[in-house]
Amino acid sequence: MKNDVFVIIPAHNEKRHISKIIRRAKRQSSNIIVVDDGSDDNTSELAEKAEAVVLRHIVNMGKGAALKTGCDYSIKKGARRLVVLDADGQHKPEDIPRFLEALEKADIVFGSRVRRGKMPFVFKFGNSFINKVNDILFGIRLKDTQSGFRAFTADAYKKIRWDSQSYSVEAEMIANVGRKNLKYSEIFIKTIYSDRYKGTTVLDGVKIVLNMVWWRLTRWH
Amino acid sequence: MALIQGIQIIGILFALFMIYYTFINFKRKQLKKSESALWFVMWFIFLLVAIFPTYLKKLAETLSVYRTMDFLTILGFFFIILLTFHNYVQVKKNGRKLEEIVRKIAFRSIKKNKK
């Protein structure tokens, strides 16, 4: 069991999946950090029962803020490598060793979802569009810029630490990777698209693109 | 001429209402003395301009704006842009502070649970 690997799982009303995800993640690392982002259900209690370290946001701050809380805490606790994944059951914790293997040769590893036809058209189109904008603005080519399954080193985290509180976090991470010229790699992951879209809307996609343009204009050297 | 007078009346009523509104906020201690004084001065100037718009005419003409109403509208736009930017900065600042507070509380709750 790798003790310097911390798995961070931001969760908001995830009572359906959280226990199972933690149990599966525990087979990959002993350090499972769940950030309960102001859930109304018993996500926290279930996560504690499953023996994860639970950080509770007293109000819902958004995925970006929850991830940052988890990553900051992990760094304080001596994490050398951080893995972030979603709590909605779409990511397989069994993929973590593949991320860690790829992380040997990179500062950050992106997990790109293999599409299996179940993704709604509007999200397929939105994702492709964001991928293209990302390539044009930051010169980083990824098949899936919006996947939340990623791994990075502690040093990389200090360089890419984001401001976004919301779903723009994934895009901002990439923008910061480009800005700091970090080494990145991409691995393909299988996902289940069951209730992936309960949190994101078309408007979120528009905001993400506008934010990307803003970061390009204000942060690029 | 009649239109200008109508606008003047609206301007005067608006200025009086804002003076009253500022006063209420001052009484409720939602605005500090210095802040209230600044807003009172601003609304008072607004009131004077509404009553005597011709005083602005010379200044407007110097700036190549030939109608006083146009000049006031331009000034109004500048002021709104300034306030919007100020609010944007404040909202961002408050958002960051809130995030930090929520994070600190989350870290503290862990320490308590460990005890």
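Residues are listed down the side, and each one gets a yes or a no for (1) on the phi > 0 side of the Ramachandran plot; (2) of a type in the set (Gly, Ala, Ser); (3) part of a helix (DSSP H, G or I):
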position: A:Leu55; (1), (2), (3): no, no, no
position: A:Val59; (1), (2), (3): no, no, no
position: A:Asp72; (1), (2), (3): no, no, yes
position: A:Leu82; (1), (2), (3): no, no, no
position: A:Gly89; (1), (2), (3): yes, yes, no
position: A:Pro97; (1), (2), (3): no, no, yes
position: A:Asn131; (1), (2), (3): no, no, yes
position: A:Gly148; (1), (2), (3): no, yes, no
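Of the residues that sit in the stretch B:60-92 and are charged (D, E, K, R) and more than 12 Å from chain A (Cβ to nearest Cβ), which one is nearest to A:Val54 (Cα to Cα)?
Residues of the stretch B:60-92 that are charged (D, E, K, R), as a first pass: B:61, B:67, B:70, B:92.
Then keep just the ones that are more than 12 Å from chain A (Cβ to nearest Cβ); that gives B:61, B:67, B:70.
Working: B:Glu61: 66, B:Arg67: 65, B:Asp70: 59 Å.
Restricting to residues being charged (D, E, K, R) and more than 12 Å from chain A (Cβ to nearest Cβ), the top hit is B:Asp70.
I need the full set of residues from the stretch B:96-108 which are closer than 19 Å to A:Trp162 by Cβ and more than 7 Å from chain A (Cβ to nearest Cβ), in order please.
Within the stretch B:96-108, B:Arg96, B:Lys97, B:Leu98, B:Glu100, B:Ile101, B:Lys104 meet the criteria.
Mind listing whichever residues of the stretch A:35-55 are crowded, with 24+ Cβ neighbours inside 10 Å and either at the interface with chain B (Cβ under 10 Å from one of its Cβ atoms) or in contact with a Lys or Arg (Cβ under 9 Å, 6 or more places away or on another chain) (or both)?
Matches in the stretch A:35-55: A:Val35, A:Asp36, A:Asp37, A:Thr43, A:Ala52, A:Val54, A:Leu55.
Please specify each residue of the stretch A:21-42 satisfying the condition of being under 17 Å from B:Ile105 (Cβ atoms) and in contact with a helix residue (DSSP H, G or I) (Cβ under 7 Å, 6 or more places away or on another chain).
Of everything in the stretch A:21-42, those that are under 17 Å from B:Ile105 (Cβ atoms) and in contact with a helix residue (DSSP H, G or I) (Cβ under 7 Å, 6 or more places away or on another chain) turn out to be A:Ile33, A:Val34, A:Val35, A:Asp36, A:Asp37.
Tally time: how many residues in the stretch B:52-66 are surrounded by 13 or more Cβ atoms within 10 Å (Cβ to Cβ) and out of contact with any Ser or Thr (no Cβ under 8 Å at 6 or more places or on another chain)?
2
Does B:Ile7 satisfy the criteria of being surrounded by 13 or more Cβ atoms within 10 Å (Cβ to Cβ) and touching a residue at least 60 places away in the same chain (Cβ under 8 Å)?
yes
Search the stretch A:58-91 for residues being without any contact (Cβ under 8 Å) to a residue 60 or more places away in the chain and buried (at least 24 other Cβ atoms within 10 Å of the Cβ), and hand back the single one that is nearest to the other protein chains (Cβ to nearest Cβ).
From the stretch A:58-91, those without any contact (Cβ under 8 Å) to a residue 60 or more places away in the chain are A:58-60, A:66, A:69, A:72-73, A:76; that's our starting set.
Then keep just the ones that are buried (at least 24 other Cβ atoms within 10 Å of the Cβ); that gives A:66, A:69.
Details: A:Ala66: 9, A:Thr69: 5 Å.
Among them, the one singled out is A:Thr69.
Assuming A:Gly126 fulfils every condition listed in (1) touching a Gly at 6+ places or on another chain (Cβ under 7 Å); (2) outside any helix (DSSP H, G or I) apart from one, which condition is it?
Unmet condition: (2).
Filter the stretch A:134-180 down to residues that are within 28 Å of B:Asn94 (Cα to Cα) and of a type in the set (Asp, Glu) and give me whichever is nearest to the chain's Cα centre (by Cα).
A:Glu170
FYI, it's all coordinate maths here, none of it is from the lab. If you're wondering where the values come from, they're calculated on a predicted model, not measured in any experiment. No Cβ is skipped: glycine too gets one built from the backbone with ideal geometry, and neighbour counts run over all protein chains shown.
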